[in-house]
Amino acid sequence: MNINHVLEQFDFKGELENCDVFGSGHINTTFLATYDENGKKRHYVIQKVNTNIFPDIDALMNNIFSVTDFLREKIKADGGNPHRETLHFIRTNDGKKYYRDEDGSCFRAYRFVDNSKAYDTVDSAEVFGKSGKAFGRFQKYLSDFPAESLNEIIKNFHNTIWRYENEFIPAVQADKVDRVVNCGEEIKFVMHRREDCKKLVELIDKGELPLRVTHNDTKLNNVLFDSDSDDAICVIDLDTVMPGLALYDFGDSIRFGANSCAEDDDNYDKIEIMLDYFEAYAKGFLSEAGEALNQCEIDNLAFSAKLMTFECGMRFLTDYLNGDTYFKTAYPEHNLVRAKNQFALVADMEKKMDKMEQIIKDITE
Ligand code: ADP
Ligand code: GN1
Ligand code: MG
């Protein structure tokens, strides 16, 4: 791949200074390019989209353009700054939403939000609470987005029982790369919790949990913070914006940001759910999205944190069993370490579930 050739396809301002790999996502390959326009630095983010995971790139980019256009209007109406508070994608020189090179690789570009940063971990509950506000506001802004116009980019994305039956169990049975032998305990851990996998799906079927337009991948490094004030300003990584549950967005944020350790830390005995972070996030999220939530959603907030952590651990374990074909890994056991990490967090949440539920009650009653 010749990145300079890719950059030439977009209408960036100024002279290219440098372009480097950037960020810590598990799916796409992200670059940061710096241009100089008459002494003024301009930064752009270029992403090679993972087309194994997102084969229908047209559907994906149509979603993203319509969601960011919609958000821009909401932000303006709310008196916000649309240049900083949502992503601004840049079309190719011939007006397309992405560039496909000769090898079939697909690239998209957007403006870097200046004076911003993404965190893989934060060192204060207060800052984490601000990300809760940003994701809550994101959901509130999209509450009247025409959901039927969105393409469902990955079917069954958070259908935990579907992932269990159709991905996890077949991966164990196939044992393609002879790794079952390394993870008997973890496989048992998942199997013992099969009943949990059904809970939210059954509540959807009963009509108790409403589908909303949600982000579906609300980890901390998918929101940008202002470098000076540490306010959470812009929700990024819009690939999985689809109809989903408010609980998926809440739970996935807690999974990543209220873990006392990074997602792939192998100090398993140091892993715990930090209840002050849980509380700060819940307050931030509910202050923006809370009014719209029904009682069943509120009653399942604490459980959703456990379920999203469990589901993610099961996905890491499945990928380990399949030979690391989905998530980017830095070393052979990386997915197993991630799975063990998530399961340690699930186990701690199980011990603290009463406390987590009480925190939600204290905020909402
Ligand atoms: P992935 O699907 O691979 O997670 P993302 O869109 O989340 O792709 O981008 C990957 C990472 O790049 C983010 O988690 C973040 O760390 C970083 N990143 C992306 N865009 C920006 C930006 N505008 N400013 C700062 N960091 C960014
Ligand atoms: C992936 O794209 P990224 O790195 O923000 C994944 C999420 C997982 C997460 C685990 C499209 O998120 O579902 O929860 O890794 N995204 C996709 O860290 O599968
Ligand atoms: Mg990301």
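The values are calculated or read from the model by the stated rules, or taken from the named source; none is laboratory data. The shown structure was predicted, so the numbers you read here are calculated from the model rather than taken from an experiment. Methodologically, a virtual Cβ is constructed for each residue, glycine included, from the backbone with ideal geometry; neighbour enumeration extends over all protein chains shown. Calculation scope for accessible area: heavy atoms of the full protein, side chains included, ligands and nucleic acids excluded. Shrake-Rupley method; radii C 1.70, N 1.55, O 1.52, S 1.80 Å.
Side notes on the structure shown:
- Scope segment 18-37; condition assigned to a strand (DSSP E or B) and either in contact with a Cys (Cβ under 8 Å, 6 or more places away or on another chain) or within 16 Å of ligand 2 (Cβ to nearest atom) (or both); matching residues: VAL21, THR29, THR30, PHE31, LEU32, ALA33, THR34
- For segment 98-118, filtered to residues that are in a loop (DSSP other than H, G, I, E, B) and among the small types (Gly, Ala, Ser), the residue that is most open to solvent (accessible area, probe 1.4 Å) is ALA118.
- Flag for TYR320 being touching a Leu at 6+ places or on another chain (Cβ under 9 Å), part of a helix (DSSP H, G or I) and closer than 18 Å to VAL213 by Cβ: no
- When the criteria are applied in full, GLY95 meets the requirement of being open to solvent by 20 Å² or more (accessible area, probe 1.4 Å) and either modelled with pLDDT of 95 or more or β-branched (Val, Ile, Thr) (or both).
Okay, residues lined up against (1) farther than 30 Å from LYS48 by Cβ; (2) at pLDDT 95 or above; (3) under 17 Å from the mean Cα position of the chain (by Cα); (4) small (Gly, Ala, Ser):
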position	(1), (2), (3), (4)
LEU203	yes, yes, no, no
ASN216	no, yes, yes, no
LEU224	no, yes, yes, no
LEU238	no, yes, yes, no
ALA246	yes, yes, yes, yes
LEU286	yes, yes, no, no
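- Scope segment 205-236; condition among the hydrophobic types (A, V, I, L, M, F, W, C) and in contact with a Pro (Cβ under 8 Å, 6 or more places away or on another chain); matching residues: LEU211, VAL213
- Check on TYR326, under 19 Å from the mean Cα position of the chain (by Cα) and outside any helix (DSSP H, G or I): yes
- Number of positions in segment 1-17 that are aromatic (Phe, Trp, Tyr) and in a helix (DSSP H, G or I): 0
Let's see how each residue does on (1) part of a loop (DSSP other than H, G, I, E, B); (2) under 21 Å from CYS234 (Cα atoms):
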| site | (1), (2) |
| --- | --- |
| ASP120 | yes, yes |
| GLY129 | no, yes |
| GLY132 | no, yes |
| LYS140 | no, yes |
| LYS155 | yes, no |
| ILE169 | no, no |
| VAL177 | yes, no |
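- Among the residues listed as LYS40, LYS76, the single one being away from ligand 3 (no atom under 16 Å from the Cβ) and within 22 Å of LEU238 (Cβ to Cβ): LYS76
- When THR218 is tested against (1) of a type in the set (Ser, Thr, Tyr); (2) assigned to a helix (DSSP H, G or I); (3) within 16 Å of ligand 1 (Cβ to nearest atom), just one condition goes unmet, and that condition is (2).
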